[in-house]
Amino acid sequence: MIMINPREVAAEVLVSVTKDGQYNNMALKKALKQNGAMPVKDRAFVTEIVNGTLRNIFYIDYLINSVSTVKTEKIKPWVLAVLRSAVYQMVFMNVPDSAAVNEAVTLVKGKRLGKLAGFSNGVLRSIAANKDKILLPDEEKNPSKYLEVKYSHPQWLIKMWLNQYPYEFVKELCIANGKASPVTVMVNLLRTTVENLQEDMLEDGIKAENGEYIENALRLTKISDLSALFSFKHGDFHVQDESSAIAVKVLDPKDGEKILDVCAAPGGKSLLIAETMNNRGSIVSRDIFDHKLELINETAKRLGINIIKTELKDASKCYAEDKNLFDRVLIDAPCSGFGLLRKKADIRINRSGNDIDELTKLQREILTAAAEYVKVGGTLVYSTCTICKKENIGNVSWFLQNFQYEAEDITDLLPHGIESETAKDGYISLFPHIHGTDGFFIARLRRKG
């Protein structure tokens, strides 16, 4: 029988993310695949440690630095990963301190780092004894530092948000970002009904509750491997957050239209557009990576959708043959992703303010190119999964000043339960702590002529 230590697997993933800069979801997926013999319970344990540690990484490091003479930036990557994961177990999980400490020391010794075993033991035992006594930065005197440590967000991001939103708003946003997000799927109404899929899910031991805003959305709990389900293989659903689906609502595609999705991967919006159009019309879905286009094609086939044509094209470049060709164009632009902190905790440590400047330049290049593709009187929808005004309303304002487009009132296009004063101005921002969705921005623009 193969013996796999789930704590070791979790620490290896943390090293891949924090030292090598890998995406946590990709590194975790790879590790779980390589250790496929692990029981379901252990796989869930690994997932919780990895995602939880990354969601709380600044707080965990603060605790370590409070008791250690060697600060985190000087600790060997393997030892630091083990320490971080052990602290997460001690502070946030129902793991006895002694078990977390002993297992961590064993992992350090196992990598021939026996000389550091005593150091690791001392740090963890000190945290175990003092974790409820370590004082955080003063919230009133240094609010940005307090939010950075307490809710594990980079301080530069906290300061940017505090320049844009009230303190309590930012605090509630940070709290929401520290909670795991629900897994949401869109029911493929071409294949089944919401009620039938709920019954099928229940038979598979999965609780599927109706979404908050989208009629064919289901929020899942008690999930195992969705891809193993018959309903998945039959094409009865695809995974997609409701925020993303609201962008399709705002696009408002109609049967028989010609639609362009210029940054389509992984394909959720293109698929939902096709389902909304009852698989009648034409959708062109583009990306710059072949393997991502293959994924879209595979999913479309699984869902029984045949109106999507994938193309390997760069969204930042304008192709003359596509000018004035499409009824509606969707730009789900590459962005800083700060609306996804619940799902992609590595963004906390892998993004910087410089990234925003570079992304804003790319976003404007994509807007410039896509503006040419819309028919006169047609619709352009611009969306991002970030909470950064420079990438969002900043780009839309710039676009309206430089192109023959006007903002369209989206009030009547928003689903029940979503209200915003900005809807009449053609855009909306969604926030995890307000809407329970990913952080998202959506704007609808009409080409004049």
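The values are calculated or read from the model by the stated rules, or taken from the named source; none is laboratory data. Please read these numbers as outputs of a predicted model, since none were measured by experiment. Every residue, glycine as well, gets a Cβ built from its backbone with ideal geometry; the counts of neighbours run over all protein chains shown.
Side notes on the structure shown:
- Summed over the stretch 254-285, residues that are of a type outside the set (Val, Ile, Thr) and within 20 Å of the chain's Cα centre (by Cα) total 11.
- Evaluating Asp346 against the criteria (1) among the charged types (D, E, K, R); (2) surrounded by fewer than 23 Cβ atoms within 10 Å (Cβ to Cβ); (3) more than 23 Å from Asp252 (Cα to Cα) leaves one unmet condition, (2).
- Among the residues here, Glu406 does not qualify as surrounded by 15 or more Cβ atoms within 10 Å (Cβ to Cβ), of a type in the set (D, E, K, R) and not in a helix (DSSP H, G or I).
- Just one of the numbered conditions (1) within 23 Å of the chain's Cα centre (by Cα); (2) crowded, with 17+ Cβ neighbours inside 10 Å is not true of Ile288: (2).
- Residue, farthest from Leu340 (Cα to Cα), within the stretch 151-161, restricted to residues that are in contact with a Phe, Trp or Tyr (Cβ under 9 Å, 6 or more places away or on another chain) and free of Cβ contacts under 8 Å to residues at least 24 places away in the same chain: Gln155
- Considering Asn35, Asn24, the condition of being within 23 Å of the chain's Cα centre (by Cα), surrounded by 18 or more Cβ atoms within 10 Å (Cβ to Cβ) and modelled with pLDDT under 95 is satisfied by Asn24 alone.
- Qualifying residue in the stretch 346-353 (condition: modelled with pLDDT of 95 or more and small (Gly, Ala, Ser)): no
- Conditions (1) touching a Ser or Thr at 6+ places or on another chain (Cβ under 7 Å); (2) under 22 Å from Gly436 (Cα atoms); number of the one not met by Ala176: (1)
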